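For reference, the structure is listed below as C-alpha cells.
The values are calculated or read from the model by the stated rules, or taken from the named source; none is laboratory data. Since this is a predicted model, take the numbers as computed values, not measurements. With ideal geometry, Cβ positions are generated from the backbone for all residues, glycine too; neighbour counts draw on all protein chains shown. These area figures cover heavy atoms from the full protein model, side chains too; ligands, DNA and RNA do not enter into them. Shrake-Rupley method; radii C 1.70, N 1.55, O 1.52, S 1.80 Å.
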Protein chains: 8
Amino acid sequence: MTLSVYLSGEIHTDWREQIIDACQGLDVAFDSPVTDHAASDDCGVAIMGAEENKFWHDHKGAKLNAIRTRRGIEMADVVVVRFGEKYKQWNAAFDAGYASALGKSIIVVSQAEHQHALKEVHAAALAVTDEPKAVAEMLRYVLTGGLPN
Amino acid sequence: MTLSVYLSGEIHTDWREQIIDACQGLDVAFDSPVTDHAASDDCGVAIMGAEENKFWHDHKGAKLNAIRTRRGIEMADVVVVRFGEKYKQWNAAFDAGYASALGKSIIVVSQAEHQHALKEVHAAALAVTDEPKAVAEMLRYVLTGGLPN
Amino acid sequence: MTLSVYLSGEIHTDWREQIIDACQGLDVAFDSPVTDHAASDDCGVAIMGAEENKFWHDHKGAKLNAIRTRRGIEMADVVVVRFGEKYKQWNAAFDAGYASALGKSIIVVSQAEHQHALKEVHAAALAVTDEPKAVAEMLRYVLTGGLPN
Amino acid sequence: MTLSVYLSGEIHTDWREQIIDACQGLDVAFDSPVTDHAASDDCGVAIMGAEENKFWHDHKGAKLNAIRTRRGIEMADVVVVRFGEKYKQWNAAFDAGYASALGKSIIVVSQAEHQHALKEVHAAALAVTDEPKAVAEMLRYVLTGGLPN
Amino acid sequence: MTLSVYLSGEIHTDWREQIIDACQGLDVAFDSPVTDHAASDDCGVAIMGAEENKFWHDHKGAKLNAIRTRRGIEMADVVVVRFGEKYKQWNAAFDAGYASALGKSIIVVSQAEHQHALKEVHAAALAVTDEPKAVAEMLRYVLTGGLPN
Amino acid sequence: MTLSVYLSGEIHTDWREQIIDACQGLDVAFDSPVTDHAASDDCGVAIMGAEENKFWHDHKGAKLNAIRTRRGIEMADVVVVRFGEKYKQWNAAFDAGYASALGKSIIVVSQAEHQHALKEVHAAALAVTDEPKAVAEMLRYVLTGGLPN
Amino acid sequence: MTLSVYLSGEIHTDWREQIIDACQGLDVAFDSPVTDHAASDDCGVAIMGAEENKFWHDHKGAKLNAIRTRRGIEMADVVVVRFGEKYKQWNAAFDAGYASALGKSIIVVSQAEHQHALKEVHAAALAVTDEPKAVAEMLRYVLTGGLPN
Amino acid sequence: MTLSVYLSGEIHTDWREQIIDACQGLDVAFDSPVTDHAASDDCGVAIMGAEENKFWHDHKGAKLNAIRTRRGIEMADVVVVRFGEKYKQWNAAFDAGYASALGKSIIVVSQAEHQHALKEVHAAALAVTDEPKAVAEMLRYVLTGGLPN
C-alpha cells in the first residue's frame, strides 16, 4: 500500500529533493505545492486576466493554488511541513492546521530558533525534527520497521 | 439563535474588547484562547510538573491550551483570526487552517503590509479587513441585516 | 424539540410572511437570508470598502452573505426553497444543492411553468408545491400529525 | 495521481470537448452527465414505464440521472460548472451547491452578462472564467505547475 | 442531559404509551412517527393534491413522513424499533438500518416467532427484548444505574 | 471508473445472475451477500463453536455475515435491493435503510403486491422496478447514456 | 458554554468525587459510566433474562452499558481516563481509543509504574497526570485561564 | 476487491504468520504494527534524538508508531485484535476502541481466562475466538462463502 506524503512549506531550499532521494526504493508517492515561486504568485492573473489591485491579483493566484494544495493534503497519509529560516510562512502553518483538522499524521521540520513560536504546531505533530534526512528515516521506519544504523 | 464567534490570534492589543463592545445588544457568544501570555506559556508545567527541556515545557502547555482552542473553533459559527504587527503568529495561521478544514466561516483581520504573505489565508476567508470595528459591523449585518450608517 | 426551518430563495413577495403567519403556535424557528435587496447587494463594500470592479464588489457581498446563508442551511432541519416568476435565481438552486449534499429535508415551492427546468431540484426534494400555504400545512403535519380540514 | 474532473452544466455547445482536447497528455479523468438531451429527458420512462403526468415523467428521469451525476461529483477532485447563454440552468447551480457542500474545488465557466446573477455561485468557486480554454490551462497548471506562454 | 429516544415501528398497539408511562420521572424526550394510520397514508395528497396512481399517492406521503422520521432518528440517542405480530413492517427494518448506519444505539422489541427472521436486525442492536416494559427498565438503568427490583 | 454495485436481498431466484449477464461488457463490479442459505445461517457456529440457544446461534452468524454485507454496501456506488415473493425479508429492508443513511444510490426491485408496504423504502430509492432486466438497463444508461431499443 | 467532561475508567476509588468537588463553581457537566460494579455486571440479565453461558451474560451487560458509555464519550468535550492500580482495565483503554478516533480531548490519569505500558494511550492524550486534583486544575484553567497558586 | 485486514495486538507469538499462511490464495492485504519490540520502543529517539526522561523517550516512539498504526486501522476493512497471555496490552484495547469508533469490523482473538475483563471489547466485536486459525476461516468465509470442512 503506497504511502502518500505531502511536502508542504518552504520552497527556497532543496529539502524536498533530499527527502525524495533518501526514500529511493520505498513505496512512497510524494506530492507538493507548485514550488516555482513566480508561477505560484502569478498563476491566477496569467490564466484568468490581470487585476489592478494587488489583493485580487494574489487572491486569484492563491485560490487557484488551493486546488492543488487542498487536494494534496486531503489525499495524504502524512503531511510534512517545513518551516525555513525566513519569511512569515503563514501558508505552512495554515497547511498544518488544515491537515490537523483532517486528522492527518503531521511531521514538522523546523529550526531550533523557532521552537517557542511553533509550539502549537509542534503540539499537533506526531514528529518534530530539524533535519530533512530524519523525515526519510521516519518514512522508512513507518513502511519497513527498519531503523537507521 | 446565538451566533458563536471565536476570536483567535494576536493577544497584545485590545482588539477583542473592541469587537465585543461594538456588538453590545447582539446575540453573539464570544470565545477566545487564554490571553494571559504568562499563564498560557506556563500552564502545562504549573499543573503537570516542571520540565528541564524547553521543548517539553512548551509542549505540555501547548497541548493543554489545545483543549480550549480546538473546542472554541469547533463550536464556532465564525472564526475571526487577527494577525498583529509583530511575531511569527504561526498559531493564528494554524487556527485559520484548522477552521478552514472544518468548513467554518473565517474573517481575517490583518494589516496592509502583510497582504502578500497572508494571501493563502485570505483566500480561505469569507471576509478580510484591517479594522476590528468592521468585524463588529459584519456580525451585526449577519445577524440583523443592518448596515453601518 | 423546535423544528428549524430555513426559507431560501425569492425575496420579492411575502411568501415567507405567509408561511410564518400560518405557523403561529407551532414550535418552529425560522431563519432566512437577508431579504433587503439593496443591503444584500452592497454589504461587502459598505463594510470592507469600495471596489471599482463590479465582480469584486459582488464577490465581497456574496461572501459576507454566505456567513449567514451557509449557517442557516447547516442548522436547519428543513430547507424550503422558493423559485419565483422572475430572474435567474441561481442562488436558490445553489442553496438547494448545498442542502441536498448535507442531507437536509428539502421542500420546493415553485410554479407550474418551471416544472421541467426544475426537475433535478424537484428530484432532490421531499415535497414540491406551488403554494406557500401548503408549506405551513406540511410543517404542521410534521410537528403534530394534523392535516388540513 | 490522476486528477478527477467532473464537467457539469450546459450541454448544447462543445465546451467539454474543447477542455478535453486541450488536456491531451495530462493525467486527468473526465466525467460528465449524460449529454444526449433526449435520452436524459426520457430515460426514466423508457426503462421504468410511461407516466401520464409530466411531473412524474421528469421525476423518474431526473432521479435516474442523479445516480450518475451525484457519483460524478462525489468522486471528483474538481467540479467545473458551465453556465451557457440560454435556459434556466438550475441543475448547473444545483450541482455547484452540491459540490460546494462537499468541499470540492469548483471552477465556474460563465459569461459576463450573468456576473451579477451568479455572484453566490462565483463566491463558492476557486476560479471563474468565461473561456473553456482557460479551464484546461488551470488543470495543466494544477498538475504540472506550467503556465500558458 | 436529556436522553432522546425515538420509538419506531408498529403503530397498532399501545407499546409507546407503556414505555412512556413507565419512564415517568426520567429525563427522557420521546419522539415517534405520526401514528395516525390514515393521516400517515394520505398526508401527501391531502396537502399537495391527489394522484391517480397509487404509487405516487403513497410516494408523496412517504416522503412527507420522511421529514419527520429521518429527523427523529438523526436526533435520537437511542432508537427503539418494535416489530409487531402482523404486516410486513419493512419501514421498521428500514429505520433500524438507517439508525445503524448513523451509529445510533438500537433496542429491538420483537417476538419469539420472529427471532430467525430478525437476526440481522438483532445483530445490529445493543439490546433485544420482547417486552416494552423492559425498554423502560433499560432507559432507567442507562440514566440512573438503577435496576428493577 | 468502475461502477460498484451491491446486490442485496432475496436469495432464492436467479435475479442476480440475470442482472450480471445482462451487464456483460459494462465496467461494473458486482458484490453481494453470501447466497448459500445454509452456510449463511450456520457460519457463526461452524467457525466459532456451537450454541445451544438458537438466538446466539443466529447472532454469531448474523454478525459474521455483517463483515461482508456492511463492507459491500459501504463500498458500493449503487445498492440494488430485491424484495421477493416470500418471507419477511427484514434484512433487505435493513440494508436499504443502511444504504440510505450512507447516501448511496438505491434501486429497488419489488412486486406490485408489495407496493404499499414498501412505500417508505421506495421513497428512499432513486429507481423502482419489478424487473431485474430493467436494473441492467439502468446501469447501462448510467455508464454509457444508452437506452434500450 | 458548559464544558462536558466524561470520567472513564477505574471505579474502585473516589477519584471522580475528588475532581467533581474540586470543580465546584465551574461550568462543567460531568458524566460517567455506571460505577456500581454489581449492577454494571448484571444489568443485561437482570432486565433481559438469564444466560447460562457467562460469555453471553457479560455480553448482554456490556452492550447495555455501551448505550451509556458511547453516548457519554460522544457528547463530551473532554474525556478523562483513569487507570488504577489493579485489574486489566481494558475498557478504560478501549474508551481512550474510542475517544481518540472521535477527536476528543483526552486527559489520562495514571501511575508511574504504568508509564511504559500506557505509552500509546499517553501519546493520544493532551495531558497526562497522576493526580485527580490536577485534572480539576486543568479544567479550571481551560475554562477560566486561572492557574493554581 | 481486496480485503484489507489489520492485525493489531500481541507481538510475542506467531499468530500473525498463522493467519497469513492460512489465508494463502485469498485476496487479502494484511497490515500490522512494527512487531520488532526493540525497534518499536526506541524508534523515536533513534531518529529524533535521545531523551533523558523515559516518559518522553516513550512518547516520541509511540507517536512515530502512531503514523503507522492509525493508518493501518483507518485503511482496514477488518481489524483483528489479539490479546495474549501476558502484559497489560492497553495498546491492543486502545486500537479496538479506535477501530470501533471508526465503524470497522472487529474480530477479537482472546483467551478464556480474559473473558470477563474483555467484555466491553467483545461487545464491540463482530466475532470473538480464541484461535488464530478461526480468523483465517472467517476471512475465507467473508470472501468466498466457503466454510471449513
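State yes or no: is D:Val142 over 13 Å from C:Ala93 (Cβ atoms) and either away from chain C (no Cβ under 12 Å) or assigned to a helix (DSSP H, G or I) (or both)?
Yes.
Just give me the residues in segment H:100-137 being part of a helix (DSSP H, G or I), without any contact (Cβ under 8 Å) to a residue 60 or more places away in the chain and within 15 Å of H:Arg82 (Cβ to Cβ), in sequence order.
Matches in segment H:100-137: H:Ala112, H:Glu113, H:His114, H:Val121, H:His122, H:Ala134.
Check A:Gly84, A:Gly61 and return the single one that is buried (at least 22 other Cβ atoms within 10 Å of the Cβ), small (Gly, Ala, Ser) and out of contact with any Pro (no Cβ under 9 Å at 6 or more places or on another chain). Before you say what the answer is, go through the steps one by one.
Numbers: A:Gly84 fails: buried (at least 22 other Cβ atoms within 10 Å of the Cβ).
Sole residue among the options that is buried (at least 22 other Cβ atoms within 10 Å of the Cβ), small (Gly, Ala, Ser) and out of contact with any Pro (no Cβ under 9 Å at 6 or more places or on another chain): A:Gly61.
Go through (1) in contact with a strand residue (DSSP E or B) (Cβ under 8 Å, 6 or more places away or on another chain); (2) modelled with pLDDT of 95 or more; (3) surrounded by fewer than 22 Cβ atoms within 10 Å (Cβ to Cβ) one by one and return the number of the condition E:Trp56 breaks.
(1)
Working carefully through the options G:Lys63, G:Lys86, find the one that is among the charged types (D, E, K, R) and part of a loop (DSSP other than H, G, I, E, B).
On the way: G:Lys63 fails: part of a loop (DSSP other than H, G, I, E, B).
The match here is G:Lys86.
Given the criterion under 14 Å from the mean Cα position of the chain (by Cα) and modelled with pLDDT of 95 or more, identify the matching residue among F:Val108, F:Val45, F:Val142.
F:Val108
Going through segment B:1-26 one residue at a time, which ones are more than 14 Å from chain G (Cβ to nearest Cβ), over 19 Å from B:Lys88 (Cα atoms) and part of a helix (DSSP H, G or I)?
Passing the criteria: B:Glu17, B:Gln18, B:Ile19, B:Ile20, B:Asp21, B:Ala22.
In this structure, does G:Trp90 turn out to be within 7 Å of chain H (Cβ to nearest Cβ) and modelled with pLDDT of 95 or more?
Numbers: within 7 Å of chain H (Cβ to nearest Cβ): yes; modelled with pLDDT of 95 or more: yes.
For G:Trp90, the condition - within 7 Å of chain H (Cβ to nearest Cβ) and modelled with pLDDT of 95 or more - is met.
Going through segment E:43-53 one residue at a time, which ones are open to solvent by 30 Å² or more (accessible area, probe 1.4 Å) and within 15 Å of C:Leu139 (Cα to Cα)?
Within segment E:43-53, E:Ala46, E:Met48 meet the criteria.
Going through segment B:27-40 one residue at a time, which ones are surrounded by fewer than 18 Cβ atoms within 10 Å (Cβ to Cβ) and outside any strand (DSSP E or B)?
Hits for segment B:27-40 are B:Asp27, B:Thr35, B:Asp36, B:His37, B:Ala38, B:Ala39.
For B:Ala117, all conditions in the list (1) within 17 Å of the chain's Cα centre (by Cα); (2) hydrophobic (A, V, I, L, M, F, W, C); (3) open to solvent by 30 Å² or more (accessible area, probe 1.4 Å) hold save one; what is the number of the exception?
With (1) within 17 Å of the chain's Cα centre (by Cα); (2) hydrophobic (A, V, I, L, M, F, W, C); (3) open to solvent by 30 Å² or more (accessible area, probe 1.4 Å) applied to B:Ala117, the lone miss is (1).
Count, please, the residues in segment C:87-102 that happen to be within 25 Å of D:Cys43 (Cβ to Cβ) and open to solvent by 10 Å² or more (accessible area, probe 1.4 Å).
2
When you scan segment A:120-138, how many residues do you find that are open to solvent by less than 10 Å² (accessible area, probe 1.4 Å) and out of contact with any helix residue (DSSP H, G or I) (no Cβ under 8 Å at 6 or more places or on another chain)?
0
Mind counting the residues in segment D:41-86 that are over 19 Å from C:Leu126 (Cα atoms), facing another protein chain (nearest Cβ under 7 Å) and touching a residue at least 24 places away in the same chain (Cβ under 8 Å)?
4
Mind listing whichever residues of segment C:65-86 are in contact with a Leu (Cβ under 6 Å, 6 or more places away or on another chain) and under 24 Å from E:Gly44 (Cα atoms)?
Going residue by residue through segment C:65-86, those that are in contact with a Leu (Cβ under 6 Å, 6 or more places away or on another chain) are C:66-67, C:77, C:80.
Hits for segment C:65-86 are C:Asp77, C:Val80.
Does A:Ile11 meet the test of being within 10 Å of the chain's Cα centre (by Cα) and open to solvent by 30 Å² or more (accessible area, probe 1.4 Å)? Working first, answer last.
On the way: within 10 Å of the chain's Cα centre (by Cα): yes; open to solvent by 30 Å² or more (accessible area, probe 1.4 Å): yes.
Against the criterion (within 10 Å of the chain's Cα centre (by Cα) and open to solvent by 30 Å² or more (accessible area, probe 1.4 Å)), A:Ile11 qualifies.
Quick check on my filter: what residues within segment A:95-139 are of a type in the set (D, E, K, R) and more than 14 Å from chain B (Cβ to nearest Cβ)? Break it down into steps so the answer makes sense when it comes.
To start, the set of residues in segment A:95-139 that are of a type in the set (D, E, K, R) comprises A:95, A:104, A:113, A:119-120, A:130-131, A:133, A:137.
Once the filter is applied, which keeps residues that are of a type in the set (D, E, K, R) and more than 14 Å from chain B (Cβ to nearest Cβ), segment A:95-139 yields A:Glu131, A:Lys133, A:Glu137.
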